[in-house]
Amino acid sequence: MAIPGNTQIGRFMLLSMAVAAIFNIRNVVNSNIAIGTAAVPCFLLATAVFFIPYVLIIAEFVSLNKDAKSGIYQWIRSSMGDKWAFVGAYCYWFVNLFYFTSVLPNILVYASYAWLGYEVQLTPMVTVLLSIMLFAFATWVSTKGAAWVGRVTSVGSSLVLLLAFGFVTLSLMDWIGGVQPATPVSVATMTPTFNWAFMGAMAWILFAAGGAESVGVFLNDVRGGARTFVRTIIFAGLLIGVLYSVSALVLNLYVPASKLSYTSGVFQVFGALGAHHQVSSLLLNRVVGAVMLLGSFGTLMVWTAAPVKALFSEIPKGIFGERAIALNRHDMPERAAWIQFAVVVPLLVIPALGSGNVNQLLNVVINMTAATALLPPLIIMAAYFHLRLRLDHLPRDFRMGSRRMGLLVSGALLAFSGVAFIAAIFPAGQNLLLTLGYNVGGVVLFLGWAFWKYRQFERSQLTSLALPPTRVPASAGARRSS
């Protein structure tokens, strides 16, 4: 994924891209609800033991495949072959399905605040029905080639970042000015309780610190090469970790963690800050709602189109049918986009059947989003472990230390992320039937289908190789040449 022409990016642009791609104030709210002020050290921990090593792994894969145009598929293929490359690319699309289930209800909440200044209380099923209609619209637009989406996303993400920085700055100034936090800040309150619920919440924090794939691909475009990239991205990781940690620290300045909700937590903390500074809560709610709506809607449009196109254009031809991968006049696999829509609908409906309210619904889908989002990194880490174990002789300009160090780091990452994945798949306190049917069943069904589909492809390839070449009659050749 190189930048066209001779244009190269400097350190500041790379730093800005990393922060914009990874930092999101909503992730702070969700993690704070889950584990309170223990989120403060956990964000720093996730940055140190997950984000920075993971980015360096991506950097090494990019260095190994510097002439390749594709991303995750080629990285995994260079270490573990076509089968696991397909599974990794498929997982990158598959985890996006659960992202839709968490972002669509939130967009409805943002729209309510932007339009009315307060949240309209909806039942889970009404929320799901409206989410389905919204996703149908997003799918339709994505098949028409929406060039303006990039501009909307850029403006929206910039405004969300500006909003978050403003919140953190004002809250810090108030705290320094003498405001006592609603939730006491002490070593005791910030010390995590290492239980199963905590490990499940760590998946949310690892999900918040994710996004390294979108940054690592620019290794070859950074002015100064690999050394500049590594230094900048380590600094970016530390900055993002500090931003997340400081945000989590000041989040409960005016609102206790126990009072926050998944649907309107962002508005609760901004509203309390605005009330302290005598800003109209209705006006502030509408401004925050409009900014969050713009950012989330632009992101929804991009992620509705991009993973579908990437999956169906990157993997070997023949795995999916010609009709499914056929591009329309806007260069989009239209049928594949609507297949994606059809798959997302039951993923929205099933958790709603087991939820009493929208907050319970969001708790289920955020858990599943965070858990499944760890699948592509887990496969990339396994590919890297195999690279350092069996293929360390392959030439590349950048390596994450010695072979032994690479194996130790990737092995530790695999173990830590694997436990967090399992804990998020089996969250504490969730209905067992819902967990087995939705969390476990969803992963088994989707991954099982991927392995079965690739096995079918392998058999078709073997069959085509076994068939004798078709002989063309001489008379037919004579007719064509006449």
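The values are calculated or read from the model by the stated rules, or taken from the named source; none is laboratory data. The shown structure was predicted, so the numbers you read here are calculated from the model rather than taken from an experiment. We place every Cβ from the backbone using ideal geometry, glycine too, and count neighbours over all the protein chains shown.
Results, tabulated for the structure shown:
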item: Within region 1-107, helices (runs of 4 or more DSSP H) holding 3 or more residues that are closer than 27 Å to LEU293 by Cα and either among the charged types (D, E, K, R) or modelled with pLDDT under 80 (or both); result: 11-22
item: Residue among TYR90, TYR110, TYR99 that is within 22 Å of ALA420 (Cα to Cα) and buried (at least 23 other Cβ atoms within 10 Å of the Cβ); result: TYR90
item: Boolean, ALA352 is part of a helix (DSSP H, G or I), hydrophobic (A, V, I, L, M, F, W, C) and surrounded by 17 or more Cβ atoms within 10 Å (Cβ to Cβ); result: yes
item: Search result, residues across region 384-400 that are touching a helix residue (DSSP H, G or I) at 6+ places or on another chain (Cβ under 7 Å) and part of a helix (DSSP H, G or I); result: TYR384, PHE385, HIS386, LEU387, ARG388, LEU389
item: First in region 117-129 and in a helix (DSSP H, G or I) and buried (at least 18 other Cβ atoms within 10 Å of the Cβ), second anywhere and among the aromatic types (Phe, Trp, Tyr) and modelled with pLDDT under 85, Cβ under 8 Å, 6 or more apart; result: none
item: Single match in ARG403, ARG323, ARG399 (criterion: surrounded by fewer than 13 Cβ atoms within 10 Å (Cβ to Cβ) and not small (Gly, Ala, Ser)); result: ARG323
item: One residue from LEU311, LEU327 being touching a Phe, Trp or Tyr at 6+ places or on another chain (Cβ under 8 Å) and at negative phi; result: LEU311
item: Selected residue (only one of PHE297, PHE320, PHE312 is in contact with a Lys or Arg (Cβ under 9 Å, 6 or more places away or on another chain) and among the aromatic types (Phe, Trp, Tyr)); result: PHE320
item: Residue match in region 145-152 (condition: surrounded by 15 or more Cβ atoms within 10 Å (Cβ to Cβ) and over 30 Å from VAL279 (Cα atoms)); result: yes
item: Residues of region 158-184 that turn out to be surrounded by 12 or more Cβ atoms within 10 Å (Cβ to Cβ) and under 24 Å from the mean Cα position of the chain (by Cα), as a count; result: 9
item: Check on LEU163, more than 25 Å from ILE52 (Cα to Cα) and either in contact (Cβ under 8 Å) with a residue 12 or more places away in the chain or of a type in the set (Lys, Arg) (or both); result: yes
item: Residue list for region 26-45, filter: within 21 Å of THR263 (Cα to Cα) and surrounded by 24 or more Cβ atoms within 10 Å (Cβ to Cβ); result: VAL28, VAL29, ASN30, SER31, ASN32, ALA34, ALA39
item: Number of the exception - GLY71 against (1) within 17 Å of the chain's Cα centre (by Cα); (2) among the small types (Gly, Ala, Ser); (3) crowded, with 24+ Cβ neighbours inside 10 Å; result: (3)
item: The lone exception for ALA188 - which of (1) over 25 Å from the mean Cα position of the chain (by Cα); (2) surrounded by 19 or more Cβ atoms within 10 Å (Cβ to Cβ); (3) among the small types (Gly, Ala, Ser) it fails; result: (2)
item: Matching residues, region 406-436, being surrounded by fewer than 20 Cβ atoms within 10 Å (Cβ to Cβ), assigned to a helix (DSSP H, G or I), touching a helix residue (DSSP H, G or I) at 6+ places or on another chain (Cβ under 7 Å) and not aliphatic (A, V, I, L, M); result: GLY411, PHE416, GLY418
item: Residue identified as at pLDDT 85 or above and not small (Gly, Ala, Ser) among LEU467, LEU436; result: LEU436
item: Answer from ALA412, ALA428 - the residue that is over 19 Å from THR101 (Cα atoms) and either polar (S, T, N, Q) or modelled with pLDDT of 90 or more (or both); result: ALA412
item: Number of positions in region 382-433 that are farther than 26 Å from VAL62 by Cα and of a type in the set (S, T, N, Q); result: 2
item: Extreme residue, farthest from GLY274 (Cα to Cα), among residues of region 167-184 that are assigned to a loop (DSSP other than H, G, I, E, B) and without any contact (Cβ under 8 Å) to a residue 12 or more places away in the chain; result: PRO184
item: Pick from region 275-316, criterion outside any helix (DSSP H, G or I) and closer than 20 Å to GLY166 by Cβ, ranking: farthest from the chain's Cα centre (by Cα); result: GLN278
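Each row is one residue, and each column tells you yes or no for (1) free of Cβ contacts under 8 Å to residues at least 24 places away in the same chain; (2) over 21 Å from VAL443 (Cβ atoms).
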| residue | (1), (2) |
| --- | --- |
| LEU327 | yes, yes |
| ASP331 | no, yes |
| VAL345 | no, no |
| LEU348 | no, no |
| GLY354 | no, no |
| VAL364 | no, no |
